[in-house]
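Working notes for the structure below.
The values are calculated or read from the model by the stated rules, or taken from the named source; none is laboratory data. Everything numeric in this text was worked out from a predicted model, so none of it was measured. Because the Cβ atoms are built from the backbone with ideal geometry, glycine has one as well, and the counts that use them run over all protein chains shown.
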2 protein chains.
Amino acid sequence: MTKAQPPGFSLCNNATLRRAGRSLGRFYDDMLAPSGLKGTQFGLLFQIHVSSEPAMGILAEALIMDLSALGHTLKPLIRDGYVETFADANDRRVKRVRLTPQGEIKLEEAIKLWSIAQQRFEAMVGQQRAADLRVMLDEVAELDFETPTAAPSV
Amino acid sequence: MTKAQPPGFSLCNNATLRRAGRSLGRFYDDMLAPSGLKGTQFGLLFQIHVSSEPAMGILAEALIMDLSALGHTLKPLIRDGYVETFADANDRRVKRVRLTPQGEIKLEEAIKLWSIAQQRFEAMVGQQRAADLRVMLDEVAELDFETPTAAPSV
DNA sequence: CTGAATTAGTGGCATATACCACTTTCATGA
DNA sequence: TCATGAAAGTGGTATATGCCACTAATTCAG
């Protein structure tokens, strides 16, 4: 028979991805800890920073995140004064998001810590392989999982 | 200059991994929905199934998951009667975990759904590339992130 | 222009995870 | 044997995320 599955390894792409996510997440969290931000929060601040006062829906889409989840995740950042929201001028349904000056400062501070984490990680797996991995992951993220539940409606 | 970052893509390995995780997670969740299990729960049941009545600590280690997080994640599964725990015979500190008969049945049911998800995914990215991705992810998960906080204590 | 359908967010609820402070058991050395 | 310290879990608290039901604003057909 084939050799027994190494303990902890799974053939499930999803389980494997989550497992790696927990591991890597803790690493980035640890490295970012001095800033008081979690890896996720850093990513969120960064995405807001590089976007142009994005609407929540647009932001959620870019992050492939549920809109309501984004709302929840944003709360601690708003509470801590790093992010603020404001109504769109043309469509009052739309709420836009931006960093506060304090948020920009915090982000800069965090970027320094993040760079170290990023470097440490890439030193371990290789810069090229890390880039390859990201490409692969972005491809996975962008896949069209449209479930053909049954016959596609005419 | 280099071309602007495509919206939603990040150089951060952690952010990219999480983003892909959300995307893939939803896909597996959707596919498993008829069983009433989430992708995470399926992975957990499976890992318990292939282990030999593992102690919680061992299970957590295999999944690279915090022990207390495992405890919390296990609760709904215990409540729903899929998993049960029992004290180790030789060390009363140790709590072992196993599937109930009901849990085994549910797992079998879920495996059918999972297979479809797995197939669909691999049809999209290619079986070989999926395998490569898992290898890469397992490697990342297994990295030694030991933070050399400062001078290693003598 | 008015009522139905659509779009954007919110709030509630449930699971996923982490860290920390305990509590209970063991293991160990004096 | 007994005090100490290590090991395994539990519970609390906080963030991360998703889905669903609902509300507010818009858009659109008639």
ask   = Taking helices (runs of 4 or more DSSP H) that fall entirely within the stretch B:37-103, which contain at least 3 residues that are within 11 Å of DNA strand C (Cβ to nearest atom) and at pLDDT 95 or above?
value = B:39-50, B:67-79
query = Is it fair to say A:Ser68 is surrounded by 14 or more Cβ atoms within 10 Å (Cβ to Cβ) and within 14 Å of another protein chain (Cβ to nearest Cβ)?
reply = no
request  = Read through the list (1) of a type in the set (S, T, N, Q); (2) closer than 21 Å to B:Asn13 by Cβ; (3) within 12 Å of DNA strand D (Cβ to nearest atom), then give the number of the only condition that A:Ser35 fails.
outcome  = (3)
ask   = If you go through the stretch A:8-27 one residue at a time, do you hit one that is away from DNA strand D (no atom under 13 Å from the Cβ) and either over 30 Å from B:Glu122 (Cα atoms) or among the basic types (Lys, Arg) (or both)?
value = yes
ask   = Among the residues of the stretch B:108-120, is any within 13 Å of the chain's Cα centre (by Cα) and within 13 Å of DNA strand C (Cβ to nearest atom)?
value = no
ask   = Right, B:Ser52: among the hydroxyl-bearing types (Ser, Thr, Tyr) and more than 8 Å from chain A (Cβ to nearest Cβ) or not?
value = yes
note = Going through (1) without any contact (Cβ under 8 Å) to a residue 24 or more places away in the chain; (2) surrounded by 15 or more Cβ atoms within 10 Å (Cβ to Cβ) one by one, A:Pro101 fails only at (2)
ask   = Out of the stretch B:64-116, which residues are within 16 Å of DNA strand D (Cβ to nearest atom) and of a type in the set (Gly, Ala, Ser)?
value = B:Ser68, B:Ala69, B:Gly71, B:Ala87, B:Ala89
remark   = Output for Cβ contacts, cut-off 7 Å, separation at least six or different chains, first residue on the phi < 0 side of the Ramachandran plot in the stretch B:128-143, second β-branched (Val, Ile, Thr) and part of a loop (DSSP other than H, G, I, E, B), reads B:Ala141/B:Ile64
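Quick grid of which residues meet (1) in contact with a Lys or Arg (Cβ under 6 Å, 6 or more places away or on another chain); (2) facing another protein chain (nearest Cβ under 7 Å); (3) in contact (Cβ under 8 Å) with a residue 12 or more places away in the chain; (4) closer than 22 Å to B:Ala141 by Cβ:
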site: A:Cys12; (1), (2), (3), (4): no, yes, no, yes
site: A:Arg22; (1), (2), (3), (4): no, yes, no, yes
site: A:Phe27; (1), (2), (3), (4): no, yes, yes, yes
site: A:Met31; (1), (2), (3), (4): no, no, yes, yes
site: A:Pro34; (1), (2), (3), (4): no, no, yes, no
site: A:Gly39; (1), (2), (3), (4): no, yes, yes, yes
site: A:Phe42; (1), (2), (3), (4): no, no, yes, yes
site: A:Ile48; (1), (2), (3), (4): no, no, yes, no
note = Within the stretch B:50-62, the residues that are surrounded by 15 or more Cβ atoms within 10 Å (Cβ to Cβ) and in contact with a helix residue (DSSP H, G or I) (Cβ under 8 Å, 6 or more places away or on another chain) are B:Ser51, B:Pro54, B:Met56, B:Leu59, B:Ala60, B:Ala62
